[in-house]
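A short write-up of the structure that comes next.
The values are calculated or read from the model by the stated rules, or taken from the named source; none is laboratory data. Not measured: the values here are computed from a predicted model. Cβ coordinates were reconstructed from backbone atoms using ideal geometry, including for glycine residues, and neighbour counts include every protein chain displayed. Heads up: the accessible areas ignore ligands, DNA and RNA and are worked out on the full protein's heavy atoms, side chains in. Shrake-Rupley method; radii C 1.70, N 1.55, O 1.52, S 1.80 Å.
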Amino acid sequence: YYTYRVSNGEATITECNNSISGDVIIPSTLGGYPVAIINSGAFENCKSMKSVTIPDSVTTIGASAFGGCSELTAVTMGDNVLSICDGAFSGCTSLISITIPDSVTTIGNFVFHYCDSLTGIWVDADNAKYCSDAFGVLFDKNKTMLIQAPAKLSGSYVIPEGVTILEAGAFKGCGNITSITIPASVAVMYGNVFT
C-alpha cells in the first residue's frame, strides 16, 4: 500500500494507495528503515479507513496527512510524535475523539477543522506545550491561547479567564453551542473564529 523514500536512514511515507481500508496499523519499518515521517497528504482521501495506529517510530505527521479520511473514527498516535502539521486531520468527519501524546511540541493550524463528529481533543497531562479542559477544548499549556474546540461542543461555554488569544477557526463548525462567554482578558481574535 505504501510509497516511501529513505533519507538519513529513515523512511518517509509519501503516499498510500487510497484503496486501503478497515483498521490500519502503519508499519514501524519499511524496507528495514524506521518510519519517521508521514508526509503531507500521504493518506489524504483514504475514505475506507476506519481507524489508524501510528507507530512510536513516527515523529512528524505532515500537513493534510489524513485529510478527508471521512470514515476514520479513531486515531492512536505513537509516543514519539513531535509535530502535527497544518490540517493533518482536517475533514475527518467521522473522527469521534483524539488524544495528543505528551511528546507533541507543535500543533499546526486547522488540524481538526471539519471534524464534524469530534467530541473532544484530549491532551496527555504530561505534555509540556498543550493541554485540554474538561470539555475537550485544546489550549496551549498556560491556557492563554484557545486553539480549537471540538465540533460537538454544545450548550453554553465559558472561555477561561486569562485566555488572551482565540486562534483562527477556534469554534469553527461548533453548531451546537448556544452561547459563548468571552472574558475581558481576550485581546486577539484571529479570522473566522466562529464560522
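Return the residue satisfying two criteria in turn: it lies in the stretch 155-185 and is touching a Gly at 6+ places or on another chain (Cβ under 9 Å) and of a type in the set (S, T, N, Q), and of such residues it is least open to solvent (accessible area, probe 1.4 Å).
Among those that are touching a Gly at 6+ places or on another chain (Cβ under 9 Å) and of a type in the set (S, T, N, Q), it is S185.
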#### Entry: Filtered residue count, the stretch 32-47, keeping only those that are more than 19 Å from the chain's Cα centre (by Cα) and open to solvent by 60 Å² or more (accessible area, probe 1.4 Å)
2
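Table: residues versus (1) touching a strand residue (DSSP E or B) at 6+ places or on another chain (Cβ under 7 Å); (2) without any contact (Cβ under 8 Å) to a residue 60 or more places away in the chain; (3) more than 20 Å from D116 (Cβ to Cβ); (4) among the small types (G, A, S).
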{"position": "Y2", "(1), (2), (3), (4)": "yes, yes, yes, no"}
{"position": "E15", "(1), (2), (3), (4)": "yes, yes, yes, no"}
{"position": "S28", "(1), (2), (3), (4)": "yes, yes, yes, yes"}
{"position": "A36", "(1), (2), (3), (4)": "yes, yes, yes, yes"}
{"position": "V52", "(1), (2), (3), (4)": "yes, yes, no, no"}
{"position": "I61", "(1), (2), (3), (4)": "yes, yes, yes, no"}
{"position": "T73", "(1), (2), (3), (4)": "yes, yes, no, no"}
{"position": "V81", "(1), (2), (3), (4)": "yes, yes, yes, no"}
### Task
Can you confirm whether the stretch 117-131 contains a residue that is in contact with a Phe, Trp or Tyr (Cβ under 7 Å, 6 or more places away or on another chain) and open to solvent by 30 Å² or more (accessible area, probe 1.4 Å)?
no
### Task
For V188, state whether it is over 24 Å from N39 (Cβ atoms) and either free of Cβ contacts under 8 Å to residues at least 12 places away in the same chain or open to solvent by less than 30 Å² (accessible area, probe 1.4 Å) (or both).
no
## Note on the structure
Restricted to the stretch 86-100 and to residues being within 11 Å of the chain's Cα centre (by Cα) and surrounded by fewer than 20 Cβ atoms within 10 Å (Cβ to Cβ), the residue nearest to A151 (Cα to Cα) is S97
### Query
What do you reckon, is A170 part of a loop (DSSP other than H, G, I, E, B) and farther than 22 Å from S70 by Cβ?
yes
### Residue ID - farthest from A36 (Cα to Cα), chosen from residues in the stretch 50-70 that are open to solvent by less than 10 Å² (accessible area, probe 1.4 Å) and either of a type in the set (A, V, I, L, M, F, W, C) or in contact with a Phe, Trp or Tyr (Cβ under 8 Å, 6 or more places away or on another chain) (or both)
C69
